[in-house]
2 protein chains.
Amino acid sequence: MPSPAYVSLPQLFSFSAGVRGEWSIVSVNAVTGDSLAAAPRLEFTSGEVDPGANWTLRGFTSNARYTTRSELATLGAKPAPLGRASATRAALIPIAKSAAWWVLAQDTRREILASASQHIAIGSEYLPAIARQLHHSRDLGEPFDFLTWFEFAPEHEQLFEQLVTRLRTTPEWRYVEREVEIRLVRDRRQATDR
Amino acid sequence: MPSPAYVSLPQLFSFSAGVRGEWSIVSVNAVTGDSLAAAPRLEFTSGEVDPGANWTLRGFTSNARYTTRSELATLGAKPAPLGRASATRAALIPIAKSAAWWVLAQDTRREILASASQHIAIGSEYLPAIARQLHHSRDLGEPFDFLTWFEFAPEHEQLFEQLVTRLRTTPEWRYVEREVEIRLVRDRRQATDR
């Protein structure tokens with residue numbers, strides 16, 4: 001059976017940088033292209049965001065767009081839910097791909113992402129230590145195409161860094177024209193709606 | 001080169017049934033599951049809808065999700081833009097697929113849609129007579145997953161009916177749990193924003 005993350009209904013989430021939220025922003029670094037403004041805290045919510053936030057990015061969870069049956073089986077065997085008590089470190093990585101990516105046919109995008117770049121295989125190597133949740137933004141007219149949220153324990157911080165470093169050297173990343181890495185620490189426990 | 005329909009930025013559209021719009025509603029028929037309320041006219045817009053409309057369905061155009069390079073080439077060779085002066089007939093077909101569809105992996109969905117059901121091949125047979133534009137709704141939390149808009153000349157009405165009848169007999173349609181067919185006539189010329 002696939003992991004529940006792949007079968008639930010799409011849901012819209014907001015990532016809002018300001019003074020609210022259980023996550024403290026440690027750093028905001030531009031990997032490619034323009035950065036985002038710094039802020040003390042990040043709120044990750046499916047509800048209303050602070051209208052006074054420095055910036056808010058929105059994205060929806062959805063069905064898997066590339067993942068095959070055998071890959072789903074591999075991923076499902078190593079469930080890594082969000083919100084684990086041990087996962088007090090997180091990263092939000094907003095990415096925009098170029099028009100050259102979006103003009104490609106499905107089979108070409110799959111070849112680049114999965115066969116040439118091993119995106120799904122690389123990610124699954126780091127399960128269950130590094131939990132990931134993809135949010136789609138492009139179809140909302142947002143500045144980024146994807147918002148990937150990572151959660152992990154402090155002792156897995158280097159694993160996280162290894163994972164994103166490996167992905168950034170793949171052929172798929174030639175199509176990334178903007179990427180920002182926001183690192184976070186959970187230092188305030190609050191009721192979460194997800 | 002793929003057709004421009006596949007390369008443009010995602011855009012949100014609303015289909016709003018009430019007293020506004022250039023399209024007169026001829027019929028509203030439930031093919032599977034519950035129908036939608038009748039109304040005199042349908043407005044198809046990327047702008048504000050009438051707050052007093054009987055119902056409004058929203059969806060966004062996006063990149064192709066299943067189409068391969070060779071299929072894009074076939075489709076691109078027979079461009080069928082929306083808004084042709086001769087295309088005074090239209091249909092809006094909102095569809096919801098079952099949870100059993102959405103839990104499937106990408107390769108399984110592609111096999112059912114393209115290999116077993118010939119969805120893309122069947123559609124391309126009717127180009128350029130029957131223009132189609134797919135709008136994605138599921139990720140917006142809407143009641144339907146897809147809103148497909150068809151435009152054609154009055155003399156191609158039977159071709160349209162043949163096209164949808166063929167699609168409804170495919171294995172893919174076993175996953176359709178709600179489908180409504182709204183038939184329309186353009187009897188009012190107005191500035192269009194698309």
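None of the figures in this text is laboratory data; all of them are computed from the coordinates on show. Because the structure is predicted, anything quoted here is derived from the model rather than measured. For neighbour counting, all protein chains shown are included, and Cβ atoms are generated from backbone atoms with ideal geometry for every residue, glycine included.
Across 10 Å bins from 0, what is the distribution of all Cα-Cα pair distances for chain B, in whole percents?
9, 36, 40, 14, 1
Quick one: check the C-alpha center-to-center distance for segment B:64-85 versus segment B:107-159, whole angstrom.
Value for the Cα centre distance between the two parts: 11 Å.
Nearest 0.05, what FRET efficiency do residue B:170 and residue A:46 give at R0 = 51 Å with Cβ-Cβ as r? Intermediate values should be presented prior to the final figure.
Values: r = 36 Å, r/R0 = 0.70.
That gives a FRET efficiency of 0.90.
Going 7 Å from the Cα of residue B:77 toward and past its Cβ, which residues in segment B:120-155 have a backbone nitrogen under 19 Å from where you end up?
B:120-132
Once the Cα atoms of helix B:157-168 and of chain B are each reduced to a long axis, what angle between those two axes, in degrees from 0 to 90 to the nearest 10, is obtained?
The helix B:157-168 is inclined about 50 degrees to chain B.
Can you compute the charge dipole magnitude of segment B:4-185 about its Cα centre, using +1 on each Lys and Arg Cβ and -1 on each Asp and Glu Cβ, nothing else charged? Give it in debye, rounded to the nearest 20. Please report the intermediate quantities before stating the final value.
Numbers: 18 positive and 20 negative charges, 55 e Å.
My answer is approximately 260 debye.
Which of B:85, B:17, B:77 moves the most in a Gaussian network model of chain B with Cα springs under 10 Å?
Looking only at B:85, B:17, B:77, the largest GNM fluctuation is found for B:85.
Read phi for every residue in segment A:77-89 and hand back ³J(HN,Hα) as whole Hz from Karplus 6.51 cos²θ - 1.76 cosθ + 1.60, θ = phi - 60°, with x for Gly and Pro.
Per-residue couplings from phi come out as 6, 10, x, 9, x, 6, x, 5, 4, 6, 8, 9, 10 Hz.
Between residue B:157 and residue B:88, what length comes free when the chain is fully extended (0.36 nm per residue of separation minus the Cα-Cα distance, one decimal in nm)?
On the way: separation 69, 0.36 × 69 = 24.84 nm, distance 1.03 nm.
Stretched fully, the residue B:157-residue B:88 segment lengthens by 23.8 nm.
Where a Cα-Cα gap under 13 Å defines reach, which aspartates and glutamates qualify for residue A:78, not counting those fewer than 8 residues away within the same chain?
Cross-link targets: A:125.
Given the DSSP H assignment, sum -39500 (n - 2.57) over each helix run of at least 4 residues in the protein assembly as shown and divide by its residue total; what's the result at 222 nm in deg cm²/dmol, nearest 500?
On the way: 10 runs with 72 residues, N = 388.
The helix-only estimate for the protein assembly as shown comes to -4500 deg cm²/dmol at 222 nm.
Which net charge results for the neighbourhood of residue A:99, defined as the other residues with beta-carbon distances under 14 angstrom from its beta-carbon, given Lys and Arg at +1 and Asp and Glu at -1? Show your work: numbers first, answer last.
On the way: positive: A:97, A:109, A:138, A:174, A:178; negative: A:145, A:177.
Around residue A:99, the charge tally is +3.
For the protein assembly as shown, what percent of Cα pairs sit more than 25 Å apart? Walk me through the intermediate numbers first.
Numbers: 44654 of 75078 pairs.
Result for the distance tail: 59 percent.
What distance in nm lies between label points placed 7 Å from Cα along the C-beta direction at residue A:125 and residue B:122?
4.3
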